[in-house]
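So the structure is just underneath, and the comments pick up after that.
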Amino acid sequence: MNKNELIKVRIEDMTHDGEGIGHSGGFTLFVKDAVIGDTVLARVTRPKKTYAYARVEQVLEPSPDRVAPACPKARSCGGCRLQELSYEQQLAFKTNVVKGNLERIGGFSDVPMEPIIGMENPFRYRNKAQYPAGSSKKEPGKLTTGFYAGRTHDIIDIRDCLLAPQRNADILRTVLSFCEKNRIPAYDEASGTGLLRHILIREGFHSGDVLICLIINGRKFPKAGQLADELLALSPFADGAVIKSICLNVNEKRTNVILGNEVLPVFGPPFIFDTLGGFSFRISPLSFYQVNPVQTVKLYNTAVEFAGLTGSETVFDLYCGIGTISHFLARKAKEVYGVEIVPEAILDAKENAARNGLTNTHFFTAAAEDVAKRGYFDEHTPLMHPDVIVVDPPRKGCDASLLHTIRALSPERVVYVSCDPATLARDLKILCGEGDGARYELRRVRPCDMFPETVHVETVCLLSKLSEAKNHISVKVDMDEMDVTAAESKATYEEVQEWVQEKYGFHVSHLNIAQVKRKHGIIERENYNKPKSDDRRQPGCPTEKEQAIEEAMKLFHMIPAE
Ligand code: SAH
């Protein structure tokens, strides 16, 4: 198969990233912009030995599930990879992704899937958007903003993203023309120069509060007060939303991480308020807040239902952010202990609980995996035992040591809220497998579509304790004495092999894996380590395989994710 070759292919399946999968002449084709059921003419973009990447040149026979994308930039923008698939089929696709991961990575059969929670109107649902700023390539002196094209940092100029409120376009136009007028340069990733990096807009959909935060490569923004006046002239917007906060965020690092740690107010306090499920929440630019408020309420209600609370339970809410789930849990539990690593989020959480009149929530700034180790809770309530543990980690999932701590703590139920089905499956395997401490059974799995049009999916799982733990303990677990790199937290060669085969469609040998492990300083068995004779050189692992193995090793916690 050659680059630019045109191939007629029927799309039989879709990858987790939303590419269509088809077969032709012994090759597997991963076709961008094709949906399951299409017959397309595909142009090969990257041929490999046994498979090839391609993109749709022409749809010959459209799938019955194909729809015209609502956004004219849907194909070039990396965000909405499912916009050409009917919403009904997007939901089916996501259900399959969750089930497939639990089966293949988690090793579960008979996954107790429950119907995915979809949206009535799957557009304009986002309350937060981060727009990168750049210099226009076409018009010198002009700035551009929008979204990155898939897998690149090229900015596609999109002011009115159909996932975000329409008013964002006015805000972006005002910021950009102000910068052009005042010759304020956009940040350039290649040279690390320029000032304006990103424009973050966050809004409380219920409150109507709008926060605008400019992320800058410096500590000062020229004529910031004047820009604030121009922005404030837009407010109130046609729908009644009001700009309540304008601030700067300092990020002088040469990194892909969008936000720096420091927030400098320009207008109003550096936070806004919103309400969810009858509670009021204060949200700072640095704090995590779910982006789809309509679905968030459904997600949290599902998590609370799965927690099975009667009013007498002690609940841990790990990775609690600004304490939103903790609030929902607190209505039905005796005590709730929230843990979160971002200090600003915990300040928000405490302030929120006080404002909402909750007296049974307690919040701690810490890494979830460190809490038990350091005995944080013990200082406050000695020998406390959690009845339910809720975890809601970021995409990389839970730290393996935390999963072992949970087994040692032995709560009756674990509710796992996940935004990445692969790490969810990996973590559930640890909670439900052989090993020390309590063992869990996967009882309920309910996906929730928090991110329509994109390939992302949120899932809530209920795990119930199977057998009484042998070494049931209270919170003080000395993790130093536990071997957190125990066999069960490490993927076997077969798992890495299987995962790579599944995701990339090619085979990696045990030797390849051993070579990559050795590269990362993970001690290897003798026979994989050394060439057979000293003067005979082994071929190195091809880059493509090496990258796939590294991705798998990150997923399986064998090497750090960052
Ligand atoms: N449950 C919250 C937040 C979920 S997002 C909500 O629904 O709004 C995941 C959160 O985990 C983020 O707030 C992030 O800052 C936090 N986090 C990331 N790594 C962490 C760690 N190791 N320990 C504790 N919190 C962490």
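The values are calculated or read from the model by the stated rules, or taken from the named source; none is laboratory data. All of these numbers come straight from a predicted model, not from anything done at the bench. Neighbour counts are summed over all protein chains in view; Cβ atoms, including those assigned to glycine, are modelled from backbone coordinates with ideal geometry. These area figures cover heavy atoms from the full protein model, side chains too; ligands, DNA and RNA do not enter into them. Shrake-Rupley method; radii C 1.70, N 1.55, O 1.52, S 1.80 Å.
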Selection from segment 395-431 of residues open to solvent by 10 Å² or more (accessible area, probe 1.4 Å), assigned to a loop (DSSP other than H, G, I, E, B) and within 16 Å of the ligand (Cβ to nearest atom) yields 395, 396, 399, 419, 420
Take segment 305-335 and flag every residue that is within 12 Å of the ligand (Cβ to nearest atom) and outside any loop (DSSP other than H, G, I, E, B).
316, 317, 318, 324, 325, 326, 327, 328, 329
I need the full set of residues from segment 46-80 which are open to solvent by 80 Å² or more (accessible area, probe 1.4 Å), closer than 22 Å to residue 7 by Cα and part of a loop (DSSP other than H, G, I, E, B), in order please.
49, 62, 64, 75
Need at least 3 residues that are buried (at least 16 other Cβ atoms within 10 Å of the Cβ) and in contact (Cβ under 8 Å) with a residue 40 or more places away in the chain per element, so show me which strands (runs of 3 or more DSSP E) inside segment 101-178 make the cut, counting only ones lying wholly within it.
128-135, 143-148
If we scan segment 291-301, do we find a residue that is in a loop (DSSP other than H, G, I, E, B) and crowded, with 21+ Cβ neighbours inside 10 Å?
yes
